[in-house]
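The next block holds one structure in the form of structure tokens; read it before the comments.
The values are calculated or read from the model by the stated rules, or taken from the named source; none is laboratory data. Computed from a prediction, not measured in an experiment: that's the story for all the values here. Backbone-built Cβ (ideal geometry, glycine too); neighbour counts: all protein chains shown. In case anyone asks, the SASA skips ligands and DNA or RNA and just uses the protein heavy atoms, side chains included. Shrake-Rupley method; radii C 1.70, N 1.55, O 1.52, S 1.80 Å.
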Amino acid sequence: MISTAEALKRALELVAPLGAEDVPLTGAAGRVLARDVMAPRDQPPFAASAMDGYALAGPPPRPGDTFRLIGQSVAGKAFPGTLQPGEAVRILTGAPVPTGADRVVIQEHISRTDNMIKVRQPPDEKPYIRPRGDDFRTGDTLTAPRRLTPADIALLAAMNVAEVPVTRRPDVAVLSVGDELIMPGADPDPDRIIASNGFGLKALLEAAGADVRLLPVTADTARALRDGFGLARGADLIVTSGGASVGDRDLVAQVAAEIGMRRAFHGVTMRPGKPLMAGRLAASAMIGLPGNPVSAMVCGHIFVLPMVERMLGLPYRSRCRTAPLARALGANGPREHYMRGRIDGGELTAFARQDSALLSVLSRANALIVRPPDDPARQAGEVAAYIPV
Ligand code: AMP
Ligand code: MG
């Protein structure tokens with residue numbers, strides 16, 4: 001068995017950033033930018049007024065000064081001429097400042113009669129002119145990799161970039177293994193278990209940007225497993241759940257080896273998640289999760305999510321944070337323990353029940369409290385590591 005850190009390192013080595021594709025702006029939010037994008041224009045593309053008022057030429061005017069109104073500049077339609085001292089152009093916010101103008105005096109400081117304006121009070125120091133390229137200039141870049149936020153999308157649109165190069169979504173095939181499993185919504189007899197892992201993993205990985213295919217539930221036979229792997233062929237990542245330990249019916253490792261999986265590891269000193277395995281299978285990365293529902297989801301967070309992010313081209317980032325414990329914790333055993341708990345008001349509390357079959361407990365959790373191997377008992381107030389979930 002290897003440590004969680006070593007397993008994560010090996011799991012990440014099994015995948016690499018995928019290629020890029022161009023998508024329209026409306027489909028780019030949340031996708032990962034694949035290459036730096038350069039602005040092909042200045043923004044604003046002209047010196048623009050920051051206020052509604054009057055554009056004037058010459059030195060700062062004084063109260064009582066008058067100017068002859070010779071035209072207007074509105075957004076989308078500039079004043080065509082050149083402004084001379086003694087002249088004024090009516091101007092609205094965002095409109096091009098006329099050639100020759102030195103400032104915009106806000107309309108609150110002006111009185112107007114027909115085609116004359118008069119300055120009523122000392123104008124502000126500020127010229128109220130946004131220089132050309134004030135926001136961004138031709139050649140400025142939005143740098144990759146990054147997950148595109150709504151603000152990034154608005155920026156790309158302002159740059160006049162209509163098609164965005166993003167990393168292709170990883171194709172992830174999920175294979176749920178177990179004779180006892182049936183699909184949600186089926187009519188279960190009492191011996192059956194509803195296959196929940198695939199649904200939780202699909203939700204987790206799709207939120208991260210993967211395309212997830214749920215393959216039909218697979219029986220615990222070598223033939224069914226081979227068929228299942230056949231359906232997964234071509235996926236960037238094959239995720240199995242169940243059948244990963246060493247029981248008579250745990251055939252995933254054996255069948256994967258028979259069809260050519262090059263194993264990177266099998267067995268991790270973590271809890272839950274001990275039977276975890278991973279490797280390369282033809283063109284795919286493969287990770288085999290334990291079937292226990294909490295184990296599958298915890299391994300999804302700790303291993304599969306970072307693998308998906310790496311395929312998307314994002315650098316690895318540790319999600320680990322620290323916070324003080326609200327209550328004491330007993331000593332940990334020899335495996336790294338991901339305890340289901342809550343972070344509330346900046347303090348961590350582990351749930352009393354930590355069985356890896358309890359999805360109701362995981363559903364109430366918003367933190368996995370990470371206990372190193374052989375961590376001694378901890379008092380309330382001591383600082384512990386956790387991963388928000
Ligand atoms: P296994 O890893 O196959 O030994 O499964 C361990 C436990 O997890 C058993 O109680 C299974 O019934 C359960 N289990 C396995 N796969 C799933 C699944 N896809 N959804 C829900 N429970 C599962
Ligand atoms: Mg099983």
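Observations on the structure shown:
- Table column - 3J(HN,Hα) (Hz), segment 147-164, Karplus curve with 6.51, -1.76, 1.60, x for Gly and Pro: 7, 6, 8, x, 5, 4, 4, 4, 4, 4, 4, 4, 6, 6, 9, 9, 10, 10
- Relative contact order [Cα under 8 Å, 6+ residues apart], segment 48-130, whole percent: 41
- Among the trypsin sites (Lys or Arg not before Pro) in segment 109-166, those placed in a DSSP loop whose Cβ has at most 12 other Cβ atoms within 10 Å are ARG137.
- Sum of -39500 (n - 2.57) over DSSP H runs of 4+, divided by residues of the chain (222 nm, nearest 500): -5000 deg cm²/dmol
- Normalising the average separation of contacting C-alpha pairs (under 8 angstrom, six or more residues apart) by the number of residues puts the relative contact order of segment 191-290 at 24 percent.
- Folded to 0 to 90 degrees: helix 222-232 orientation relative to the chain principal axis, Cα: 10
- Sequence-separation-based contact order of the chain, relative, with Cα cut under 8 Å and 6+ spacing, percent: 17
- Å² per residue, accessible surface of segment 48-130 at 1.4 Å: 54
- Peptides 234-242, 298-306 ordered by average Cβ neighbours within 10 Å, highest first: 234-242, 298-306
- Relative packing of 121-130, 285-294, which averages over residues the other C-beta atoms within 10 Å, highest first: 285-294, 121-130
- DSSP beta bridge pairing in the chain, given as percent antiparallel to the nearest 5: 70
- Between amide H atoms placed 1.01 Å from N, distances below 5 Å from ALA57 occur with GLY86, GLU87, ASP102, all of them 5 or more places distant or on a separate chain.
- Net charge in the neighbourhood of ALA28 (other residues with Cβ under 14 Å of its Cβ; Lys, Arg +1, Asp, Glu -1) is +2.
- Heavy-atom accessible area with a 1.4 Å probe sorts ASP220, ASP114, largest first, into ASP114, ASP220.
- Positive end of the dipole of the chain (Cβ unit charges, origin at the Cα centre): among PRO376, THR99, PRO122, the Cα lying farthest that way belongs to PRO122.
- Proximal charge balance of GLY198 [Cβ under 13 Å; K/R count +1, D/E count -1]: +1
- Carbon/sulfur fraction of accessible area - the chain, other protein chains in place, 1.4 Å, %: 51
- Net length gained if the chain between ASP134 and ASP114 were fully extended (0.36 nm per residue, minus Cα distance): 3.8 nm
- Summed side-chain charge close to GLY247 - residues other than GLY247 whose Cβ falls under 15 Å, Lys, Arg +1, Asp, Glu -1: -3
- Highest-first arrangement of 46-52, 73-79, where packing means the average Cβ count within 10 Å: 46-52, 73-79
- Alpha-carbon centroids, segment 212-230 and segment 136-156: separation in whole Å: 42
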